[in-house]
1. Look through Trp29, Trp38 and report the one residue that is at pLDDT below 95, crowded, with 21+ Cβ neighbours inside 10 Å and within 16 Å of the ligand (Cβ to nearest atom).
2. Name the single residue that is surrounded by the fewest Cβ atoms within 10 Å (Cβ to Cβ) among those in the stretch 233-290 being acidic (Asp, Glu) and over 19 Å from Val108 (Cα atoms).
3. Yes or no: Pro180 at pLDDT 95 or above, buried (at least 21 other Cβ atoms within 10 Å of the Cβ) and either part of a loop (DSSP other than H, G, I, E, B) or not assigned by TED's automatic domain parsing to the domain that holds Arg154 (or both)?
4. Could you look through the stretch 350-385, keep only residues that are assigned to a loop (DSSP other than H, G, I, E, B) and among the basic types (Lys, Arg), and pick out the one that is nearest to Thr415 (Cα to Cα)?
5. Checking the conditions here, which among Gly204, Gly212, Gly234 is closer than 28 Å to Gly42 by Cα, out of contact with any Ser or Thr (no Cβ under 6 Å at 6 or more places or on another chain) and either in contact (Cβ under 8 Å) with a residue 24 or more places away in the chain or within 11 Å of the ligand (Cβ to nearest atom) (or both)?
6. Just wondering, is there one or more residues in the stretch 317-336 that are within 27 Å of the chain's Cα centre (by Cα) and assigned to a loop (DSSP other than H, G, I, E, B)?
7. Provide a single number: the residues in the stretch 52-72 that are of a type outside the set (S, T, N, Q), more than 26 Å from Ile215 (Cβ to Cβ) and surrounded by 15 or more Cβ atoms within 10 Å (Cβ to Cβ).
Amino acid sequence: MARTFPEHGELWPVLEQRLLRERIKDIDWLKGLSDSYWPDPGGNVRLVAKAAADQMFDAFLLGAKYGEPSARMVEDEVTAMTREILGAPPGATTTLTGGGTESNFHAVKTARDWARVHRPAAKDPEVLLCWTAHPSFDKAAHICGIRTRRIPERADFRADVAAMAKAVNRDTIMVVGSSPSFSHGVIDDIAGIGAIAEQHGLWGHVDACVGGFLIPFLRKNGRRLPNFDFSTSGVASISADLHKFGFVTPHGISTFTLRDGANVTYQGFDFDDWPYGRYAVKTFAGSRSGQVVGAAWAVLRHLGEDGYRKRAELVTRMADILENGVKAIPGLRPLAPSEAGIFVYTSDQVDIVAVAEGLNARGFPSSWCKKPEAIHILLYPIEEIAPVADYLRALSEVVAEVRATGRKATQRQATYA
Ligand SMILES: Cc1ncc(COP(=O)(O)O)c(C=O)c1O
């Protein structure tokens, strides 16, 4: 049988050739306008991230005991900057995680262990969320041995706060809002979600994995958007991804912030029954790389508030151009207002999945949301208008073609991951 693991080691030039041959086949994601990658946010950002990651190449972190001082320094500053951006009060704590899924896991695990003390009547704990919330909550609940309950969204795709309030029962321990939701890109009424948490003594969590490092700067730029951060009462924790609109590469970094750092005892794991001694860690991971933390530190400091505000402005401009462009194509309409980095459009006249397939065939990677069927785009802070104009031109041609031929999609299964 052919072996993958080589018997004799290979030289780097051989490996480099092999990698290069694969890399050139990758999607040209730096040009933006796909639905799954966050590309170059312009300027020297990628260069700076790469240089910092290189410098922190072998730095690592493990619990509170191990880790180079350099890795501790970058971790301390990244978490402090995150708390400032999210308006966290004194006493809050931030944990760096490997991604949004892990941050939401921490939220569910913290709420479960908190509820064992503060909501002992909840015998069969339940997490209340909108149908539009990210599946990582269900994954976390599954791992934590508790249940989720998804409440249908409103006609405007936002969480139905009134229906969620009615659904609270003795077993409810946690209520979740999205800022924004991935599927439709709209921001839930976080003040309403926070009010449910306060009124019923529940854990209130905001999934700001997409908007956490974007909405604060859109608001600073004067965009009228609802608030989601710690100035909203009832919000006990927030997930916000640095590897999305925090513009950090390489991937693998998100943040989980607790309003009250004392609750970190419910987040972590503390164990002392084995030979080597106490294992008390607040992260899900044990050993962690300092490399991506170094990259995050460099990107946050290199961009600063001005840099993030500028990119937020470019995202807004991109949203406006796409929205106007889509409205100008007969048969298409935006599904919802583009509020924070996501633009979704649909059609009542042509098969929108067939349109997505047509765009894919022309080299514009396009995925669709299944309910309602709609094409989903992540907005990039690119200064060049040309790629957007190319996209809109291709879109217009594909729609005309699908309309003229009455073509239907070859398959309708929407796949997120
Ligand atoms: C709203 C939301 N929450 C959580 C996640 C999970 O993030 P990750 O893929 O980094 O685990 C995503 C990913 O797109 C998301 O959009």
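1. Details: Trp29 fails: crowded, with 21+ Cβ neighbours inside 10 Å.
Criteria check complete, one pass: Trp38.
2. Just the residues of the stretch 233-290 that are acidic (Asp, Glu), to begin with: 241, 260, 270, 272-273.
From what is left, the residues that are over 19 Å from Val108 (Cα atoms) are 272-273.
Values: Asp272: 9, Asp273: 6.
Looking at the filtered set, the residue picked out is Asp273.
3. On the way: at pLDDT 95 or above: yes; buried (at least 21 other Cβ atoms within 10 Å of the Cβ): yes; either part of a loop (DSSP other than H, G, I, E, B) or not assigned by TED's automatic domain parsing to the domain that holds Arg154 (or both): yes.
Yes: the conditions hold for Pro180.
4. Going through the stretch 350-385, the residues assigned to a loop (DSSP other than H, G, I, E, B) turn out to be 350-351, 362-366, 371-372, 379-385.
Add one more test, that the residue is among the basic types (Lys, Arg), and what stays is 362, 371.
Working: Arg362: 20, Lys371: 12 Å.
Top of the filtered list is Lys371.
5. On the way: Gly204 fails: closer than 28 Å to Gly42 by Cα; Gly234 fails: closer than 28 Å to Gly42 by Cα.
Testing whether each residue is closer than 28 Å to Gly42 by Cα, out of contact with any Ser or Thr (no Cβ under 6 Å at 6 or more places or on another chain) and either in contact (Cβ under 8 Å) with a residue 24 or more places away in the chain or within 11 Å of the ligand (Cβ to nearest atom) (or both) leaves just Gly212.
6. For the stretch 317-336, residues within 27 Å of the chain's Cα centre (by Cα) and assigned to a loop (DSSP other than H, G, I, E, B): present.
7. Within the stretch 52-72, the first condition is being of a type outside the set (S, T, N, Q), and the residues that meet it are 52-54, 56-69, 71-72.
Next cut, more than 26 Å from Ile215 (Cβ to Cβ) only: 53-54, 56-69, 71-72.
Remaining after also requiring surrounded by 15 or more Cβ atoms within 10 Å (Cβ to Cβ): 53, 56, 59-63, 67, 71-72.
Residues meeting the conditions: 10.
Per-residue answers, yes or no, for (1) at pLDDT below 90; (2) under 20 Å from Pro337 (Cβ atoms):
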position	(1), (2)
Gly363	yes, no
Leu378	no, yes
Thr405	no, no
Lys408	no, no
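The values are calculated or read from the model by the stated rules, or taken from the named source; none is laboratory data. Everything numeric here is computed off the predicted structure, so don't read it as measured data. Don't worry about glycine lacking a Cβ; one is built from the backbone with ideal geometry, like all the others, and counts go over all protein chains shown.
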